[in-house]
Amino acid sequence: MSENRPFVLTLAGMDPSGGAGILADIKTFEQHKVYGLSVNTADTLQTEQSFLEIHWADMDFVLRSLTNLFEVYEIKAMKIGIVPSLEYLQKVLNTVRSTSESVKIVWDPVLRSSTGFNFVTSDNVQFLERILEKTDLITPNYNELDALSNKHTYEEKIAFLSQKCPLLLKGGHHPKQKGTDFLYTNQKEIVLKPAIHDPVEKHGSGCVLAASIVSHLALGDELVAACRKAKNYVENFLTSNSSLLGYHHV
């Protein structure tokens, strides 16, 4: 076991291209000098350009895997990626919180792939409030924000979600200020402006951002600092090359 690096955990899917999901998270963890653990929620048939098929992992096996890891390792922070439903996610959170009240949990609500494949449908939104109460940060983009709440305006959606837990609204799909993120915490809005302009789109950039936040939280940073540092990391990722598959470097 590692004696120097804090343990972090990703609960996410397997992307064979390595651009998103567990593989992208582990690459990010390693660059941040934290020790990455993982639980696989799904096997996928995809590349950075297409999403064809998904096979969900057995829920009981996932829950037992989580229990086993939390019993063995002192996990400081955890990232949650794709899950088949919010009911499934609630059971994951109940399991985690029954073994650790202190672990920081970041939920990246991947509701559909960039190629249009839907993961979580709106019929499970009844579980959302209980999920948010057990989560330390959610990191939706504008499309995911829209799907997570049936409120009419963005302002109403943000107010509804952020009163339960902090919310980092990613700016990749911002209608007017592309690349500007907004962190809502303690009834405050913190603007995180981009340091780069016209970045190259990258498969899995949302996964990388959330994994970077988790890493910084495990290393002891407060939430605002963790989000700022993670934004810097993902911007380096976005500018690493001209393809859809980014390179990881500090």
Among GluC sites (Glu not before Pro) in the range 166-238, those in a DSSP loop whose Cβ has at most 12 other Cβ atoms within 10 Å are Glu201, Glu222
Tensor-based shape of the range 136-250 (alpha-carbon gyration tensor, a/c under 1.5 rounded, otherwise prolate or oblate):
oblate
State, as an integer percentage, the relative contact order of the range 1-40 based on alpha-carbon contacts under 8 Å between residues 6 or more apart.
50
May I ask you to list the aspartates and glutamates whose Cα is less than 17 Å away from that of Lys188, ignoring any residue fewer than eight positions away on the same chain?
Asp136, Glu155, Glu156, Glu222
The chain: calculated mean residue ellipticity at 222 nm from DSSP helix runs of at least 4, using -39500 (n - 2.57):
-11000 deg cm²/dmol
Over the range 1-93, what percent of the accessible surface lies on carbon and sulfur atoms, probe 1.4 Å?
49
Just list whichever of Lys33/Lys178; Lys164/Lys202; Lys33/Lys157; Lys79/Lys164; Lys79/Lys231 have alpha carbons separated by over 27 Å in the model shown.
Lys33/Lys178; Lys164/Lys202; Lys33/Lys157
State log₁₀ I(q)/I(0) for the chain at q = 0.08, 0.09, 0.13 Å⁻¹ as given by the Debye formula over alpha-carbon point scatterers of equal weight, solvent excluded.
-0.27, -0.34, -0.75
In a shell of Cβ-Cβ distance under 10 Å around Leu93, excluding Leu93 itself, what net charge do Lys and Arg (+1) and Asp and Glu (-1) give?
+3
Mind checking which of Ile80, Ile22, Ile131 has the largest fluctuation in a GNM of the chain, springs on alpha carbons under 10 Å?
Ile131
Loop-resident trypsin sites (Lys or Arg not before Pro) in the range 150-250 with no more than 13 other Cβ atoms inside 10 Å, DSSP not H/G/I/E/B, are Lys176, Lys178
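Rounded to the nearest whole Å², what accessible area per residue is found for the range 1-92 with the 1.4 Å probe?
Here the per-residue accessible area is 45 Å².
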Which residue, Thr28, Thr41, Thr99, has the most motion in a Gaussian network model of the chain that connects Cα atoms within less than 10 Å?
Thr99
Could you check what % of the DSSP bridge pairs in the chain are antiparallel, to the nearest 5?
45
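The values are calculated or read from the model by the stated rules, or taken from the named source; none is laboratory data. No experiment lies behind these values; they were computed from the predicted model shown. FYI the Cβ positions are ideal-geometry reconstructions off the backbone, even for glycines, and counts take in every protein chain you see. Calculation scope for accessible area: heavy atoms of the full protein, side chains included, ligands and nucleic acids excluded. Shrake-Rupley method; radii C 1.70, N 1.55, O 1.52, S 1.80 Å.
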